[in-house]
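Reading through the structure tokens given below for one structure.
Computed from the coordinates by the stated procedures, all read-outs in this text should not be read as laboratory data. Treat the numbers as computed from the prediction; the structure is a model and nothing was measured.
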Ligand code: ARG
């Protein structure tokens, strides 16, 4: 079902257009009311319209309000202040929506995309040969939540882990590999008592080489040690460097995989399409841009100068795609990847989740892709950027030695600390249960704290804050969930069969203000998901869930559930059940944060 705010927006915008009789859109700008005493929603767009048509805003609001028929949704739609319209939802409408959510077990009646898009999400993307550190946390989990949310809304999501496995760091690594290799070869030579100071007299006539080769062939058949060594040499010759690179890559990826699994991030080897994947496409990227007259030589390098990018002195900024020594760059690979994603993967949108320091890179990348016609205006290109994770002092989080904190260590510590809390609060639980709770709470706390911060700001990482049972934290949310589950368990022990009471439920009684308030908020789950998806901001979802938990608390304090009479109990049980389902769904399905039945 469509979020009610969309429904209202459409109808009121239409009424405004009818009234104003002007070409173009007349957005109603419906927003949740800032204060409950003004109702549930308010229309903010009328003042703007009145200005446009040079009319009195209050009179305009009144005329629009008079022409509206919102009986299906609202009890009232009254003009207020300098030209707002305040809207109040009808309890019957709210009840109807609640029942629709109840019926839709897996989808919670959230409206799916009318036109599903193919969205490529480029996230996590660490560089290989290094352990993942705290700097990779945000891309990995914000990217994953983005994918989960878009998938839930019915889009086709293609996850791409654009690992750095082919740039200059790799070149440096290969130098090390080569050094190791020559050492390795030297060892064998020593074993053979070969003296490198007096190499074979050269040149050797081919006849002699041929004879040596024939002898070697014979030895190969009879001398197994010789054969083994020859095979090893062949292997090194053919695959030595590439193979070693491959091993380093695999070792790195399997270490990343452990982190992804710990974080419950849906990324695996199939999603890895690192820089090396594009190696054969780089020459064409440069050639095609040159041919199109978009790339030119400048100081020996090949560059593109997209419009509108200038340095402090007003000089045009280049996006360098080939260095004077012929090497390709990060940007070259990104252009190849972008073209591949549009042409081969059929992307309608490409979303890059990286830190804010790469802002200029992506702005220039997008500008060049548009210039080259590799991404038409219908293809959305978004840089979903985020701020840094800071230590207590406000500087980027580092170890005492000044190193980036390893993600594994950070997550281990989170689980350890959560374990201590569980141990203290609930020492009697079986060890397995305690471990399960500690993992859900510890990892959940790190993820939730990150999501709940505005993604474009930096935030201070604090175990104490994120593990607190009070405030907008994972443990608070997980506890809210577990508490409702315990109500359900209590119901069972009292022989109240929730399922029978709730299946086929046809009518609700939302009479207590706390019931209605909670119900009105529950039916806004879809609205929160859509807002989080539109802006790629998981904090819209965490804020919603937090407020939901608070409203539940108020309801539960005011309205007895199991002791309610038969006229009230089914409605109250439904409020409990839907709250638990929404919190459980939001946390575990959309944010990848574990929930437990008992804490
Ligand atoms: N490997 C890069 C880094 O560690 C991030 C890559 C992001 N994705 C991209 N297509 N450039 O900074």
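For region 497-530 and region 273-316, what is the separation of their C-alpha centers, rounded to whole Å? Cα centroid of region 497-530 versus Cα centroid of region 273-316: 56 Å apart.
Overall, the anisotropy analysis places region 1-53 in the oblate class: the square-rooted eigenvalues a ≥ b ≥ c of its C-alpha gyration tensor yield a/c not less than 1.5, with a/b not exceeding b/c. Cα extents for the chain along the principal axes, largest to smallest and rounded to whole angstrom: 103, 68, 47. Rounded to the nearest 10 degrees, the angle from helix 513-522 to the longest Cα principal axis of the chain is 30 degrees. Quick one: grab the alpha carbon gyration tensor of region 511-561, order the square roots of its eigenvalues as a ≥ b ≥ c, and give me rounded if a/c is under 1.5, else prolate or oblate depending on whether a/b is larger than b/c. Prolate, because a/c is 1.5 or more and a/b exceeds b/c.
For the chain, the longest principal axis of the alpha carbon atoms and the long axis of helix 525-535 meet at an angle near 40°. Remark: region 450-499 is approximated by an ellipsoid whose semi-axes, taken from the C-alpha gyration tensor as √(5λ), come to 35, 11, 5 Å, largest first. A straight line joining the Cα centroids of region 474-496 and region 1-79 runs 41 Å. Once the gyration tensor of the Cα atoms in region 80-164 is diagonalised, the equivalent ellipsoid follows with semi-axes of 39, 19, 13 Å, ordered largest first. Only beta bridges with both residues in region 317-453 are counted; by DSSP, about 30 percent of them are antiparallel. Take every DSSP beta bridge whose two residues both sit in the chain; close to 55 percent of them are antiparallel. The helix-only estimate of mean residue ellipticity at 222 nm for the chain, built from DSSP H runs of length n ≥ 4 each weighted as -39500 (n - 2.57), is -17000 deg cm²/dmol after division by the residue total. Between the Cα long axis of helix 206-222 and the first principal axis of the chain there is an angle of about 60°, rounded to the nearest 10. Once you order the gyration tensor axes a ≥ b ≥ c over the Cα atoms, which shape class does region 368-476 get: rounded for a/c under 1.5, otherwise prolate or oblate by comparing a/b with b/c? Verdict is prolate for region 368-476. Taking every C-alpha pair closer than 8 Å and separated by at least 6 residues, the mean separation divided by the residue count of the chain gives a relative contact order of 14 percent.
Remark on region 295-447: ratio of C-alpha radius of gyration to 2.2 N^0.38 Å is 1.55.
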